[in-house]
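The values are calculated or read from the model by the stated rules, or taken from the named source; none is laboratory data. Note that the structure is predicted; figures quoted are calculated from it, not measured. Please note: Cβ atoms are built from the backbone with ideal geometry, for glycine as well, and neighbour counts cover all protein chains shown. Surface areas here come from the heavy atoms of the whole protein model, side chains and all, with no ligands, DNA or RNA. Shrake-Rupley method; radii C 1.70, N 1.55, O 1.52, S 1.80 Å.
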Amino acid sequence: MRVFNFSPGPAVVPEPVLRKAAAEMLDWHGSGMSVMEMSHRGKEFIGIHEKAQADLRALLAIPSKYKVLFLQGGAIAENAMVPMNLIGGRSVADYVNTGSWSQRSIKEAKKYCTVNIAASSEDKHFTYVPARETWKLTPGSAYVHICSNETIGGVEFQWTPETGDIPLVADMSSHILSRPVDVAKYGVIYGGAQKNAGIAGLTLVIVREDLLDRALPTAPSVFHWKEQAEGDSMVNTPACYAIYIAGLVFEWLLEQGGLPAIEKQNIAKSKLLYDCLDQSKLYLSPVRKEDRSRMNVPFKLRDPSLDEAFLKGAKERGMVQLKGHRSVGGMRASIYNAMPIEGVQALAEYMREFEKQHG
Ligand code: PMP
């Protein structure tokens with residue numbers, strides 16, 4: 001029996017994707033091979049790779065002057081690759097600090113450049129996105145980095161910052177493909193695949209071509225965006241199976257009506273939970289309303305001694321992975337694209353029932 005899996009990532013994969021992958025496991029399209037067994041240079045896999053790229057471009061309406069790279073190392077590797085590939089002759093990069101994942105990016109960037117914290121929401125425990133007017137960008141800065149959805153804190157940018165001539169770089173790991181994005185407003189977008197684009201092992205990088213000439217000469221080839229762009233993301237053997245699964249997810253997203261349709265579902269799904277939290281005396285949502293994430297919904301029980309009972313009851317009803325990140329405690333429901341609305345309804349119903357018993 002399948003459960004409703006609220007894991008923050010690796011996370012739920014659309015069931016039709018899993019079924020298709022299962023059906024094609026031993027013999028992909030009459031090739032007599034699993035995708036796992038194919039040469040990455042063979043025509044079958046090249047076809048899978050090209051189709052996945054084309055579908056991702058279609059989904060996000062990526063302009064032609066952007067390269068799409070399918071890399072490895074996850075967002076954590078990109079935290080280092082961003083400064084390595086963008087610092088050029090400059091010395092300072094601006095970072096907006098909205099929580100744990102921003103902090104992780106900042107820590108890594110400090111190894112390669114001077115980091116200016118342009119804005120931070122640390123004063124209120126990372127529960128909001130600082131207004132653009134408060135940001136202090138550095139003239140001549142190499143780029144400005146944001147984490148557009150903080151997976152742990154549940155804080156999401158609901159707007160795209162204007163940064164003038166300074167390229168905007170976004171870690172979109174936990175909400176990429178959950179809503180349409182105006183890619184042209186960004187210099188670089190990156191994210192791991194294991195939330196909304198399939199399984200771990202694949203990192204998506206979308207980079208504006210004119211930014212490809214800024215890499216440090218010491219940048220390793222596999223993490224050198226220009227070398228990877230010129231080598232069709234195959235400077236090394238790519239994460240073939242993860243790319244195949246991402247391709248199936250992209251097809252599934254297109255069948256759903258693309259990102260505008262998915263966004264509607266995500267608004268409806270997240271509203272079910274936030275309404276439940278706002279009407280409750282037992283639970284509370286720590287995040288400022290305008291900045292609440294549609295993908296990761298953290299919440300607390302006002303009486304933490306009920307946490308264990310809440311989680312146990314959820315598990316008995318087939319709802320798992322609801323425990324909040326150890327750094328913040330409480331609960332967190334991650335409701336990515338592949339989480340069916342029935343799962344969110346079941347959780348909201350259970351939360352109300354639990355409140356009746358314990359409120
Ligand atoms: N950034 C964000 C926003 C994330 O949610 C995560 C993973 N939870 C990471 C970075 C790190 O990703 P990875 O472990 O794939 O490198």
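Listed values, structure above:
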{"item": "Filter result for Gly164 (within 16 Å of the ligand (Cβ to nearest atom) and not hydroxyl-bearing (Ser, Thr, Tyr))", "result": "no"}
{"item": "Selected residue (only one of Asp165, Asp171, Asp182 is closer than 22 Å to Ala119 by Cβ and free of Cβ contacts under 8 Å to residues at least 12 places away in the same chain)", "result": "Asp165"}
{"item": "Residue list for the range 200-210, restricted to those being open to solvent by less than 20 Å² (accessible area, probe 1.4 Å) and either more than 22 Å from the chain's Cα centre (by Cα) or hydroxyl-bearing (Ser, Thr, Tyr) (or both)", "result": "Thr203"}
{"item": "Enumeration of residues in the range 99-119 that are among the hydroxyl-bearing types (Ser, Thr, Tyr) and within 10 Å of the ligand (Cβ to nearest atom)", "result": "Ser100, Ser102, Ser105"}
{"item": "Residues located in the range 73-105, provided they are open to solvent by less than 10 Å² (accessible area, probe 1.4 Å), touching a strand residue (DSSP E or B) at 6+ places or on another chain (Cβ under 6 Å) and of a type in the set (Val, Ile, Thr)", "result": "Val82, Val96, Thr98"}
{"item": "Qualifying positions in the range 29-47 - touching a residue at least 60 places away in the same chain (Cβ under 8 Å) and either part of a loop (DSSP other than H, G, I, E, B) or open to solvent by 20 Å² or more (accessible area, probe 1.4 Å) (or both)", "result": "Met36, Met38, His40, Arg41"}
{"item": "Unmet requirement for Arg57, which otherwise passes all of (1) open to solvent by 60 Å² or more (accessible area, probe 1.4 Å); (2) within 16 Å of the ligand (Cβ to nearest atom)", "result": "(2)"}
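To keep it simple, each residue is scored yes or no on (1) over 15 Å from Ile189 (Cα atoms); (2) crowded, with 19+ Cβ neighbours inside 10 Å; (3) small (Gly, Ala, Ser).
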position: Pro63; (1), (2), (3): no, no, no
position: Leu71; (1), (2), (3): no, yes, no
position: Asn116; (1), (2), (3): yes, no, no
position: Ser121; (1), (2), (3): yes, yes, yes
position: Ser141; (1), (2), (3): yes, yes, yes
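Yes/no matrix, rows are residues, columns are (1) acidic (Asp, Glu); (2) open to solvent by less than 10 Å² (accessible area, probe 1.4 Å); (3) under 20 Å from the mean Cα position of the chain (by Cα); (4) within 16 Å of the ligand (Cβ to nearest atom):
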{"residue": "Val181", "(1), (2), (3), (4)": "no, no, yes, yes"}
{"residue": "Gly187", "(1), (2), (3), (4)": "no, yes, yes, no"}
{"residue": "Gly192", "(1), (2), (3), (4)": "no, yes, yes, yes"}
{"residue": "Gly198", "(1), (2), (3), (4)": "no, yes, yes, yes"}
{"residue": "Ser221", "(1), (2), (3), (4)": "no, no, no, no"}
{"residue": "Lys269", "(1), (2), (3), (4)": "no, yes, yes, no"}
